[in-house]
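The block underneath contains the structure these notes are about, expressed in structure tokens.
The values are calculated or read from the model by the stated rules, or taken from the named source; none is laboratory data. Bear in mind that the values here come from a model prediction, so they are computed numbers and not experimental data. Neighbour counts are summed over all protein chains in view; Cβ atoms, including those assigned to glycine, are modelled from backbone coordinates with ideal geometry. SASA here: full protein model, heavy atoms, side chains in, ligands and nucleic acids out. Shrake-Rupley method; radii C 1.70, N 1.55, O 1.52, S 1.80 Å.
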Amino acid sequence: MHSIKNFINNHKETFINELIELLKIPSISADSAYKNDVLNTAEVVKLRLQEAGCDLVEIHPTDGYPIVYAEKIIDPKLPTILVYGHYDVQPPDPINLWHSPPFEPVIKTTELHPNGAIFARGACDDKGQMYMHVKAMQFMTSTNQLPCNVKFMIEGEEEVGSVNLATFVKNNREKLANDVILISDTGMIANDVPSITTGLRGLSYVEVEVTGPNRDLHSGLYGGAVANPINILAKMIASLHDDHNHITIPGFYDKVEELSKEERAEMAKAPFRLENYKKALNIKAVYGEEGYTTNERNSIRPTLDVNGIWGGYTGEGAKTVIPSKAYAKISMRLVPHQDWEDITELFKTHFESIAPKGVTVNVKPHHGGQGYVTPIDNIAYQAASKAYEQTFGKTPIPQRSGGSIPIVSLFEQELKSKTILMGFGLDSDAIHSPNEHFGIWNYLKGIETIPWFYKYFTELNQ
Ligand code: BES
Ligand code: MN
Ligand code: MN
């Protein structure tokens, strides 16, 4: 790929500044107060894709936020790469834990990013990683080195479940036809240990409501005589794991694929230091399902976690009260073959069955999605691997991630194509947390690596 390094050197200031401009817009899809900002972000993405040399750039309205679609078809006989990314971001809360405002990007160095990192909500997830593709495209078109056809599909509702994107994909199979889907919305092991994400977990997200008496009660007059929904909810949640930290929902593990000894041994080769892991999180010990390592627990094993729990009096001082209601939000991360709708149903049946008579339970399913594993014995993976070899000087390690991008399995179902997950973030980049950041080295390395994927993928297809 002629001169990509020079191109980056000559333009890096602009690349960084353009990303900073994008990061200033608070495109929080979960909060309707930011509606105009989310819509504006779609406009900016559209403009940038035009500048990058796409022939057709469209904004597709949906029942929610729009999808930005762009393409450049140079020859229908050549392969087509479909790039997916998202321009929406997570809410920044808790805001007081940010060292600088989440939508006023600043560049600071860190231990892992000695060349600087951009701190802002969305820096890594996913504006920074999505924008690498726009800049890589600009390089290929402006130097006449685009080797194949490209389509871009950048959505604004990934962080809230991609519901409208699913409809768009189902209704536009022809338009979106491609030979491979390319996504940068995951991470890698370390800057000197490149890896390609080969799996994503599925997700089932539910909210539960436990109702006791018809009103809040004086905890002296009624305490001890009626069920306290918070006590009950805490007990019910605690019972969802046994003493070995296995999940107790009947049937939960039925479809879980047990990896062979060989596969587990292969996984264990990925560099990992438990001491560093604990130190980075300031914990004395890790915790999880018996019989599995930390890296297995967070990738090839399903989990159940409470994401939030509330009820009763939480204001200043003390109020003696037995609340009428208690709530929790619970997520289950799933592995391939576990169907998220089946699991949601199993959860609901089980949770209702363990409720004592003195309360009623209501389980409300939120969004979900299937897990995904990508094969490594195909052209697309080989092309990605060669691209990393070219720019990192090392063969990347295939590694399954614990995170979820539920739309990826729908892509496979509807468009019949595989996805390559070329993520350039680090786990420590604090996505969804205060002080999210993205290394400038990682950003530029992504821009450098992407055109090589295009080149090798096109060559290997011939
Ligand atoms: N980009 C993340 C997913 C991710 C991050 C996968 C790092 C692997 C490594 C994505 O934006 C995300 O946050 N997904 C959500 C699910 C979604 C339905 C809200 C998740 O994983 O919690
Ligand atoms: Mn993301
Ligand atoms: Mn995210």
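Which condition does I95 not pass, out of (1) of a type in the set (V, I, T); (2) surrounded by fewer than 24 Cβ atoms within 10 Å (Cβ to Cβ); (3) touching a strand residue (DSSP E or B) at 6+ places or on another chain (Cβ under 7 Å), if it passes all the others?
(3)
Please state which one of N231, N245 is on the phi > 0 side of the Ramachandran plot, surrounded by 11 or more Cβ atoms within 10 Å (Cβ to Cβ) and not assigned by TED's automatic domain parsing to the domain that holds I397.
Exactly one residue qualifies, and that residue is N245.
Could you check the stretch 408-435 and list, in sequence order, the residues that are open to solvent by 10 Å² or more (accessible area, probe 1.4 Å) and part of a helix (DSSP H, G or I)?
S409, L410, E412, Q413, E414, L415, D427, S428
Among the residues of the stretch 392-399, are any within 20 Å of the chain's Cα centre (by Cα), hydrophobic (A, V, I, L, M, F, W, C) and surrounded by 18 or more Cβ atoms within 10 Å (Cβ to Cβ)?
yes
How many of the residues in the stretch 334-343 are modelled with pLDDT of 95 or more and surrounded by 18 or more Cβ atoms within 10 Å (Cβ to Cβ)?
Number of matching residues: 5.
Can you say whether E207 is open to solvent by 80 Å² or more (accessible area, probe 1.4 Å) and of a type outside the set (A, V, I, L, M), as far as the supplied structure shows?
no
Here is a yes/no grid of residues against (1) more than 26 Å from the chain's Cα centre (by Cα); (2) in a loop (DSSP other than H, G, I, E, B):
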| site | (1), (2) |
| --- | --- |
| E207 | no, no |
| G220 | yes, yes |
| I237 | no, no |
| D243 | yes, yes |
| G251 | yes, yes |
| E258 | no, yes |
| V306 | no, no |
| W310 | no, no |
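Open to solvent by 40 Å² or more (accessible area, probe 1.4 Å), farther than 18 Å from F351 by Cα and touching a residue at least 24 places away in the same chain (Cβ under 8 Å) - does that describe any residue in the stretch 314-328?
yes
Inside the stretch 155-177, can you point out the residues that are buried (at least 20 other Cβ atoms within 10 Å of the Cβ), away from ligand 3 (no atom under 16 Å from the Cβ) and outside any helix (DSSP H, G or I)?
L176
Does F438 satisfy the criteria of being outside any helix (DSSP H, G or I) and buried (at least 18 other Cβ atoms within 10 Å of the Cβ)?
Numbers: outside any helix (DSSP H, G or I): yes; buried (at least 18 other Cβ atoms within 10 Å of the Cβ): yes.
Yes: the conditions hold for F438.
For every residue, the table says whether it meets (1) open to solvent by 40 Å² or more (accessible area, probe 1.4 Å); (2) touching a helix residue (DSSP H, G or I) at 6+ places or on another chain (Cβ under 9 Å); (3) assigned by TED's automatic domain parsing to the domain that holds I189.
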position	(1), (2), (3)
A270	no, yes, no
K278	no, no, no
L281	yes, no, no
E289	no, yes, no
M332	no, yes, no
L346	yes, no, no
F351	no, yes, no
